[in-house]
1. Given the options 123, 127, 153, name the one that is out of contact with any helix residue (DSSP H, G or I) (no Cβ under 9 Å at 6 or more places or on another chain) and over 26 Å from residue 15 (Cβ atoms).
2. Check whether at least one residue in region 51-72 is open to solvent by less than 40 Å² (accessible area, probe 1.4 Å), touching a residue at least 12 places away in the same chain (Cβ under 8 Å) and in a loop (DSSP other than H, G, I, E, B), and report yes or no.
3. Could you check how many residues of region 17-39 are of a type in the set (A, V, I, L, M, F, W, C) and either open to solvent by 60 Å² or more (accessible area, probe 1.4 Å) or out of contact with any strand residue (DSSP E or B) (no Cβ under 6 Å at 6 or more places or on another chain) (or both)?
4. Being touching a Ser or Thr at 6+ places or on another chain (Cβ under 8 Å) and part of a loop (DSSP other than H, G, I, E, B) is the filter; apply it to region 106-140 and report the residue that is most open to solvent (accessible area, probe 1.4 Å).
5. Return the only residue of 179, 147, 165 being among the polar types (S, T, N, Q), farther than 19 Å from residue 202 by Cβ and open to solvent by less than 30 Å² (accessible area, probe 1.4 Å).
6. Could you please find all residues in region 73-92 being among the aliphatic types (A, V, I, L, M), without any contact (Cβ under 8 Å) to a residue 12 or more places away in the chain and either open to solvent by less than 20 Å² (accessible area, probe 1.4 Å) or not in a helix (DSSP H, G or I) (or both)?
7. Restricting attention to region 182-198, which residues are of a type in the set (Gly, Ala, Ser) and loosely packed, with under 13 Cβ neighbours inside 10 Å?
Amino acid sequence: MLKLFWAPNTIAVAPAIVLNEGGVHWDGQRIDFKSGEQTKPDYLGVNPKGRVPALATPGGILTEAGAIMEYLAATAVPGLVPVDPLHAARMREIMYYLASTAHVNHAHKVRGARWADRAESWADMQAKVPETMTASAAFLDAQIEGSLLFGDALTLADAYLYAVSTWLEGDGVDVNRFSKLARFMDVMRARPSVQAVWDAGMLS
């Protein structure tokens, strides 16, 4: 059985959506960030980076949301990667942007210690988050081609984007300024796979 290690309101939501889309039988283990469970030896034995998600597979542990979702698409949940090589690359282009830019922008709000030691530096990073996340929202809004990113067919990038989009309001972004992104969020929220992550307490 596949086992996903997750914490609420994190990027672990994205692979959980993918698992639910495929109707996969999987087990979840919540990691309590508030108590620092991610820094304890038991979890560091699963993921030495002390982050989520991690996925226990028959072949071992996988980490990083994008890699986990690619594995799921190749094994348990087919049909979420476009067949056309260019379209597949476009999907990954969005995913890499979400990982390398939008997620980092968001992390500056509460994870400043990753980049700087002084509290005043953390405060400066926090103050920048509404600006940088609004810029990310504007970029992503422009990429949406239909009800979902690439029309009406779900891809891995849609699960990834939905997870990130749930952070926007808390990061000071007025999502209503971005009509395509707001509609995308509503469309995704109505999917049973997304409803299931809400029901499981993975989002709040």
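The values are calculated or read from the model by the stated rules, or taken from the named source; none is laboratory data. Given the structure is predicted, the values throughout are model-derived calculations rather than measurements. All Cβ positions, glycine included, derive from the backbone under ideal geometry; neighbour counts span all protein chains shown. Protein only, heavy atoms only, side chains kept; ligands, DNA and RNA dropped before computing areas. Shrake-Rupley method; radii C 1.70, N 1.55, O 1.52, S 1.80 Å.
1. Details: 123 fails: out of contact with any helix residue (DSSP H, G or I) (no Cβ under 9 Å at 6 or more places or on another chain); 153 fails: over 26 Å from residue 15 (Cβ atoms).
Step by step, each of 123, 127, 153 is checked, and only 127 is out of contact with any helix residue (DSSP H, G or I) (no Cβ under 9 Å at 6 or more places or on another chain) and over 26 Å from residue 15 (Cβ atoms).
2. Going residue by residue through region 51-72, those that are open to solvent by less than 40 Å² (accessible area, probe 1.4 Å) are 52-57, 60, 63, 65-66, 68-69, 72.
Add one more test, that the residue is touching a residue at least 12 places away in the same chain (Cβ under 8 Å), and what stays is 52-57, 63, 65-66, 68-69, 72.
With in a loop (DSSP other than H, G, I, E, B) added as a condition, the list becomes 52-53.
Yes, that holds for at least one residue.
3. Quick first cut of region 17-39, residues of a type in the set (A, V, I, L, M, F, W, C) only: 17-19, 24, 26, 31, 33.
Subset that is either open to solvent by 60 Å² or more (accessible area, probe 1.4 Å) or out of contact with any strand residue (DSSP E or B) (no Cβ under 6 Å at 6 or more places or on another chain) (or both): 17-18, 24, 33.
Within region 17-39, residues that are of a type in the set (A, V, I, L, M, F, W, C) and either open to solvent by 60 Å² or more (accessible area, probe 1.4 Å) or out of contact with any strand residue (DSSP E or B) (no Cβ under 6 Å at 6 or more places or on another chain) (or both) number 4.
4. 115
5. Numbers: 179 fails: open to solvent by less than 30 Å² (accessible area, probe 1.4 Å); 165 fails: farther than 19 Å from residue 202 by Cβ.
Only one candidate qualifies: 147.
6. 83, 88
7. Let us first name the residues in region 182-198 that are of a type in the set (Gly, Ala, Ser), namely 182, 190, 193, 196.
If the condition is that a residue be of a type in the set (Gly, Ala, Ser) and loosely packed, with under 13 Cβ neighbours inside 10 Å, then 190 is the only one that fits.
Here is a yes/no grid of residues against (1) polar (S, T, N, Q); (2) modelled with pLDDT under 95; (3) over 17 Å from the mean Cα position of the chain (by Cα); (4) farther than 24 Å from residue 133 by Cβ:
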{"position": "7", "(1), (2), (3), (4)": "no, no, no, no"}
{"position": "20", "(1), (2), (3), (4)": "yes, no, no, yes"}
{"position": "28", "(1), (2), (3), (4)": "no, no, no, yes"}
{"position": "35", "(1), (2), (3), (4)": "yes, no, yes, yes"}
{"position": "64", "(1), (2), (3), (4)": "no, no, no, no"}
{"position": "80", "(1), (2), (3), (4)": "no, no, no, yes"}
{"position": "83", "(1), (2), (3), (4)": "no, no, yes, yes"}
{"position": "88", "(1), (2), (3), (4)": "no, no, yes, yes"}
{"position": "94", "(1), (2), (3), (4)": "no, no, no, no"}
